[in-house]
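The values are calculated or read from the model by the stated rules, or taken from the named source; none is laboratory data. The structure presented is a predicted model; accordingly, all values stated were derived computationally and were not measured. Using ideal geometry, Cβ is built from the backbone for each residue, glycine included, and neighbour counts are taken over all protein chains shown.
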Amino acid sequence: MKQYPHTTRILVATDCIIFGFDGEELKLLLIKRNFEPEKERWSLMGGFLQPEEDLEAGANRILYDLTGLRDIYVEQLGAFGEVVRDPVERTLSVAFFALVNIHDQDQEALDAHHAQWISLRKKPKLIFDHDRMVAMALDRLRYKAALHPLGVELLPEQFSIPQLQKLYEAIYDMRLDRRNFSRKILSTGLLIDTGLKNKNSTNKKAVLYKLDKEKYDRKFNDFWHFMPTPAPSSPLESTDLAIRKRAKLQIAKSKGQEAI
């Protein structure tokens, strides 16, 4: 293979921010690093891009190695290229975030990498610039989950409205009004009533739904506005308002592009 003259070696890595939901809390999949630098410290799962891989293929390889899962929701977050971000060698990292159903994971794969699901509320300090990556990924998740139905990627195939509400409350760290949330979600037409009840719920009458995958895939990029008004006692109403303002700006921008 020909090479450009006078080039400087720069490594390209892929780091993955992997979110999961255990029914109560939003969690982050982390590994304890077993080599220097930063040995024995918590880290995102990552690795160097192989010569034959494009960026998304590298991210999917890393995700499969760690979770044993394929065909999960993955989205490129951004590039991180500060000169001194890695003390060993100049390394550019392209970060991706992924949404995983915790119950579908391969436990043996997790054990092999000494990986653990850790609550976002209890997240330890991470190596390099990984804390910044997590903060950006959470911000992106909150923004997109307000507009698109990607939150269901974190749930089992069948779920109740209360389970879905708990998920959104965990994502936004805020309490939502039950009736408003239920009405908003059902109005999208994305959920199919299975005719079954959630036997494990404290509310034995909780109906189990499943996602209309055909409609979900076909209209994923439509603006659904999943976030209703928060309950009055929520301490983060300003966060919800900011999300709504960003959503309106995004819609206005997209309509302007269509007009062009």
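Worth pointing out:
- All positions within the range 62-112 that are of a type in the set (Asp, Glu), more than 15 Å from the chain's Cα centre (by Cα) and surrounded by fewer than 17 Cβ atoms within 10 Å (Cβ to Cβ): ASP65, GLU82, GLU89, ASP104, ASP106, GLU108, ASP111
- When the range 1-29 is limited to residues that are in contact with a strand residue (DSSP E or B) (Cβ under 6 Å, 6 or more places away or on another chain) and of a type in the set (D, E, K, R), the one that is surrounded by the fewest Cβ atoms within 10 Å (Cβ to Cβ) turns out to be GLU25.
- Tally, over the range 124-135, of residues that are surrounded by 15 or more Cβ atoms within 10 Å (Cβ to Cβ) and assigned to a loop (DSSP other than H, G, I, E, B): 4
- Listing of strands (runs of 3 or more DSSP E) fully contained in the range 1-86 that carry 3 or more residues being out of contact with any helix residue (DSSP H, G or I) (no Cβ under 7 Å at 6 or more places or on another chain), more than 30 Å from PHE159 (Cα to Cα) and aliphatic (A, V, I, L, M): 11-21
- Residue tally, condition modelled with pLDDT of 95 or more and over 19 Å from GLY151 (Cα atoms), over the range 66-80: 3
- Verdict on ASN180 being at pLDDT 55 or above and in a loop (DSSP other than H, G, I, E, B): no
- From the options LEU141, LEU154, residue that is under 23 Å from LEU28 (Cα atoms), surrounded by 20 or more Cβ atoms within 10 Å (Cβ to Cβ), in the same structural domain as ARG121 (by TED's automatic domain parsing) and within 15 Å of the chain's Cα centre (by Cα): LEU141
- Positions within the range 87-108 being out of contact with any strand residue (DSSP E or B) (no Cβ under 8 Å at 6 or more places or on another chain) and part of a helix (DSSP H, G or I), in sequence order: HIS103, ASP104, GLN107, GLU108
- Unique residue being within 21 Å of LEU120 (Cβ to Cβ), among the hydroxyl-bearing types (Ser, Thr, Tyr) and touching a residue at least 24 places away in the same chain (Cβ under 8 Å) when the list is TYR168, TYR209: TYR168
- Residue in the range 158-181 that is hydrophobic (A, V, I, L, M, F, W, C), touching a strand residue (DSSP E or B) at 6+ places or on another chain (Cβ under 6 Å) and loosely packed, with under 15 Cβ neighbours inside 10 Å present: no
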